[in-house]
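As structure tokens, the structure follows; a few thoughts come after it.
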Amino acid sequence: MWCQRLAWLLRGQRGSTGRRWPWLPRAPGPVLAAPARCHPTAPASPRCAWQLHQDHLELRYGSTVMRLDFVWLRDHCRSASCYNAKTNQRSLDTASVDLAIQPQAVRVDETTLFLTWPDGHVTRYGLEWLLKNSYEGQKQQVMHPRILWNAEIYQQAQVPSIDCRRFLETDEGLKEFLQNFLLYGIAFVENVTPTKEDTEILAERISIIRETIYGRMWYFTSDFSRGDTAYTKLALDRHTDTTYFQEPCGIQVFHCLKHEGTGGRTLLVDGFHAAEQVLRQAPEHFELLAKVPLKHEYVENVGGCHNHMIGVGPVLNVYPWNNELYLIRYNNYDRAVINTVPHDVVRRWYHAHRALTAELRRPDNELWVKLKPGKALFVDNWRVLHGREAFTGYRQLCGCYLTRDDVLNTARLLGLQA
């Protein structure tokens, strides 16, 4: 193996295209010749093989083939002069990197890739780090592990509620709550004192409260004090909130403080589960819902409240590198005039929207919950749709919106993937 590598290096100095892997197609353009100051190395791990091209390094590690651009490799150097490990921030000025840069030497051992650049600077990368952080590695990873559910799946899982005191006073209780929330998009806290002030304390345990046009903490009754159907006794179809914000609110907290009457059950539907069914049955519908931007709008002129909010985005939002869904923006009440879709697309969009709506309205996807004083509900507004049945009598809820970044930050600090 040592002799083979030496022979390959010498051939590279004479301008040969070099040794190729039999399982890789021939790449367009010449392979970068290895310069004279490149030295033979110890045999690489049998799990690793590499090859230089004109503008990138092709590296096979395990079953993953990574194509790493030389500019990318120079830009992400983690040496002390390029990266501040204390602040976890880049020190290297990316604009100073020559866009035509090529390494003078490349070496790979059992665990590490070494690159020497024209100015003599040496960059070292752990192969595991590259596997995790390369584009090809990211395509194989899930950003947010989840359990998709319908009513039966969720009920059979018997996801426990967390006691309020354990939630507020122990990291174990908080971590269990957040794990349930991250997996299912909903979570409950029991034995909460039914006041707005105690609900606020509960919410602040995991996040900064997001103040919006509805205030910081809000009371929710059927007095039509706001220009929104929610402030009535009417039934509400499944929807996500604040679709008319450029960034919809991430988490919503509900706590029923009082209900003297009948009805009013809360409806919960896992929007990601419904979208997954659309993807399986009609991927062209999923693709259209993920690409076509729509406007959602909130116009309010009630009492002293005057607002005109517009949010723009597709119904389904996915990470482009792995097609993982991270946000559903679905609210038929607040969808504005469709004037962002050309004629030759709009009918296909309606077909796609109908397919998603049919899944969202399947009875077996509906989880009905009766909210009672003392039981607070946290809902992932980027994933889980909520609604309610009509009710009678006096019903008062309080709640708030939470900043998504802070909730996920809390989860990561407790060791959860978020």
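Of the residues 160, 194, 145, which single one is in contact with a Pro (Cβ under 6 Å, 6 or more places away or on another chain), outside any helix (DSSP H, G or I) and either assigned by the TED database to the domain that holds residue 305 or farther than 19 Å from residue 249 by Cβ (or both)?
Of the residues listed, the single one that is in contact with a Pro (Cβ under 6 Å, 6 or more places away or on another chain), outside any helix (DSSP H, G or I) and either assigned by the TED database to the domain that holds residue 305 or farther than 19 Å from residue 249 by Cβ (or both) is 194.
Only residues that are in contact (Cβ under 8 Å) with a residue 60 or more places away in the chain and in a helix (DSSP H, G or I): list them for the stretch 81-134, please.
Scanning the stretch 81-134 gives 127, 130, 131.
On the basis of being in contact with a Phe, Trp or Tyr (Cβ under 8 Å, 6 or more places away or on another chain) and either among the polar types (S, T, N, Q) or surrounded by fewer than 16 Cβ atoms within 10 Å (Cβ to Cβ) (or both), does residue 396 make the cut?
yes
Can you tell me which residue in the stretch 312-353 is surrounded by the fewest Cβ atoms within 10 Å (Cβ to Cβ), limited to those that are within 25 Å of the chain's Cα centre (by Cα) and charged (D, E, K, R)?
Looking at the filtered set, the residue picked out is 324.
State all residues of the stretch 279-295 that are touching a residue at least 12 places away in the same chain (Cβ under 8 Å), more than 19 Å from the chain's Cα centre (by Cα) and assigned to a helix (DSSP H, G or I); if no residue qualifies, say none.
Across the stretch 279-295, the qualifying residues are 281, 284, 285, 288.
When you scan the stretch 241-252, do you find a residue that is surrounded by 15 or more Cβ atoms within 10 Å (Cβ to Cβ), of a type outside the set (Asp, Glu) and in a helix (DSSP H, G or I), even just one?
Scanning the stretch 241-252, I find no residue that is surrounded by 15 or more Cβ atoms within 10 Å (Cβ to Cβ), of a type outside the set (Asp, Glu) and in a helix (DSSP H, G or I), so the answer is no.
The values are calculated or read from the model by the stated rules, or taken from the named source; none is laboratory data. Note that the structure is predicted; figures quoted are calculated from it, not measured. No Cβ is skipped: glycine too gets one built from the backbone with ideal geometry, and neighbour counts run over all protein chains shown.
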